[in-house]
Amino acid sequence: MSAALQKQQALGQSLILGIESSCDETAAAVVAEGRHQLSSIIASQIATHQPFGGVVPELASREHLRNIVPVVRAALAEAGISLKDLDAIAVTEGPGLAGALLVGITYARTLAFALNKPLIAVNHLEGHIHAVLLQQTGSGNEPLPLPALALVVSGGHTHLYLARQREKTWHYRNVGRTVDDAAGEAFDKVAKLLGLPYPGGPWMDALAKHGNPTAVPFAFAQIKPKAHRGQGPEGWQQALAADTLFSFSGIKTAVLRYVETHGLKPSIERRRATRPHTPADALSLCDQETLDLIASFQHAVVENLKRRTFASAEYYGAASLLISGGVAANSELRKAFTAEAKERGIPVAFPSLALATDNAAMIAAAAWPKFLAHEFAPTDLSAQPTLKLGAAV
Ligand code: KG4
Ligand code: ZN
């Protein structure tokens with residue numbers, strides 16, 4: 001069926017407008033019945049935060065305020081619909097930056113009230129999981145066998161969830177997490193340390209292709225019980241047995257030590273002063289030792305994510321794997337997970353690159369089962385900056 005015909009058919013279905021503003025992207029999208037993406041607009045704030053080397057919460061809120069109206073308008077225009085054609089408004093309620101979340105929530109609440117349409121609250125992490133499910137159904141692939149083990153790996157999270165569907169509703173169990181930094185955070189911090197722009201993940205990915213991934217042997221220390229705060233002894237035992245706890249702050253310190261002991265500071269200063277605009281610019285400012293360090297760091301992080309994810313899939317008897325979040329855009333991670341999954345005979349699915357990082361199509365897709373179940377949010381919905389997904393083990 002042609003794309004135009006598919007769109008025509010989708011316009012006759014129930015349409016959800018998704019709104020996402022949890023961090024540094026203002027996004028809106030229209031998705032038909034959780035499966036056909038009619039539009040997806042993302043206003044990135046990277047240029048605003050780049051001079052500061054990370055997200056500045058006050059600036060994020062200001063940019064969301066500036067962007068929310070034009071972004072929603074553009075999402076409706078791209079879908080070829082108007083507000084009255086919508087069946088529901090979905091919005092990220094958390095986790096994320098309080099002020100940033102509030103902008104999306106306030107706008108969504110106002111739209112829902114003015115249009116007299118249901119409001120649906122979506123957990124950002126569930127959104128990342130549904131990015132993969134949207135990709136699967138949207139591209140006509142078979143649904144993934146369940147339970148699926150979902151690795152959500154981004155700038156703020158490195159979590160493992162066991163995802164099941166009962167009736168039409170999705171249920172999650174949080175079976176793994178990082179005890180300190182998220183993997184994307186480690187990519188960003190190491191990139192900053194090496195004089196590369198924010199966010200560092202894509203720059204590291206591009207530069208790692210030019211280095212030797214086994215040049216610097218990084219080791220991941222055994223995670224000690226005291227590092228695992230806020231967890232009962234039972235959950236701790238199980239997480240240890242299943243090997244589902246991650247830690248990425250040690251490798252960041254190891255990179256810092258390597259830089260100091262191998263005289264890499266002058267080249268870091270050169271990159272900081274030059275502020276490369278493209279990975280090709282950055283490449284011309286990197287010596288081989290730095291490229292080897294970048295490749296080795298990425299390789300160590302990917303191998304660690306891979307080993308723990310597959311071990312935990314086996315422990316929990318997962319029938320498929322689903323990898324999502326900004327770091328799921330990493331080319332080495334995709335290759336390594338795809339090869340390992342093939343060897344083990346377990347299906348693995350990723351979102352497209354556009355659906356891997358923050359977007360609103362995943363929010364509208366995650367809202368569909370809630371729409372069917374009439375799980376609507378109260379009109380005074382508020383931001384939940386520390387919202388969790390599923391019960392933890
Ligand atoms: O999902 P996301 O857009 O926002 C959060 O919810 O955090 O993820 C952003 C994170 C950043 O840390 C960024 O550096 C990382 O994803 N990232 C990557 C790549 N693309 C984005 N990390 C490694 N390789 C990439 N290609
Ligand atoms: Zn995210």
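The values are calculated or read from the model by the stated rules, or taken from the named source; none is laboratory data. None of the values given here were measured: they were computed from a predicted structure. Cβ placement follows ideal geometry from the backbone for every residue including glycine, while neighbour counts extend to all protein chains displayed. Areas reflect the complete protein model, heavy atoms only, side chains present, ligands, DNA and RNA absent. Shrake-Rupley method; radii C 1.70, N 1.55, O 1.52, S 1.80 Å.
Which residue, chosen from GLY12, VAL31, ILE42, occupies the Cα position most advanced towards the positive end of the dipole of segment 1-71, where the dipole is computed from +1 (Lys, Arg) and -1 (Asp, Glu) charges on Cβ about the Cα centre?
So the residue we want is GLY12.
Rank ALA280, ALA319, ALA108 by mean-square fluctuation in a GNM of the chain with C-alpha springs under 10 angstrom and give only the top-ranked residue.
ALA280
Only bridges with both residues in the chain count here: give the DSSP antiparallel percent, nearest 5.
55
Which of the pairs LYS189/LYS388; LYS189/LYS342; LYS252/LYS335; LYS209/LYS265 have their Cα atoms more than 28 Å apart in this structure?
The answer is LYS189/LYS342.
Given the rule -39500 (n - 2.57) for each run of at least 4 DSSP H residues, summed and divided by the residues of the chain, what is its mean residue ellipticity at 222 nm, to the nearest 500 deg cm²/dmol?
-15000 deg cm²/dmol
Keeping all protein chains in the complex and leaving out DNA, RNA and ligands, what accessible area do you get for LYS168 with a 1.4 Å probe, in Å² to the nearest 10?
130
Magnitude of the Cβ-charge dipole of the chain, K/R +1 and D/E -1, about the Cα centre, nearest 20 debye?
Once rounded to the nearest 20, the dipole reads 220 debye.
Accessible area per residue, 1.4 Å probe, Å², for segment 52-166: what's the number?
Using a 1.4 Å probe on heavy atoms only, each residue of segment 52-166 averages 39 Å².
Counting only other residues whose beta carbon sits under 10 Å from that of THR137, what net charge do I get with K and R as +1, D and E as -1?
Summing Lys/Arg as +1 and Asp/Glu as -1 gives -1.
Would you mind pulling out the separation of the Cα centroids of segment 329-381 and segment 248-305, in Å?
Segment 329-381 and segment 248-305 have Cα centres spaced 30 Å from each other.
Over the chain, with every protein chain in place, what whole percent of the accessible area is carbon and sulfur at 1.4 Å, could you tell me?
Within the chain, the accessible surface is 55 percent carbon and sulfur.
Would you mind pulling out the separation of the Cα centroids of segment 125-160 and segment 164-181, in Å?
11
Can you pick out the pairs among LYS117/LYS370; LYS7/LYS370; LYS168/LYS306 whose Cα atoms lie more than 20 Å from each other?
LYS7/LYS370; LYS168/LYS306
Report, in order of residue number, the helices in the chain meeting two criteria: a C-alpha extent of 24 Å or more along the helix axis, and a mean Kyte-Doolittle hydropathy of at least 0.5; treat each whole DSSP H run as one helix.
The answer, listed by residue number, is 98-115.
At a probe size of 1.4 Å, how large is the accessible area of TRP170, to the nearest 10 Å²?
Near enough 40 Å² of accessible area.
Counting Lys and Arg as +1 and Asp and Glu as -1, what is the net charge of the other residues whose Cβ lies under 15 Å from the Cβ of LEU160?
Counting the neighbours of LEU160, the net charge comes to +4.
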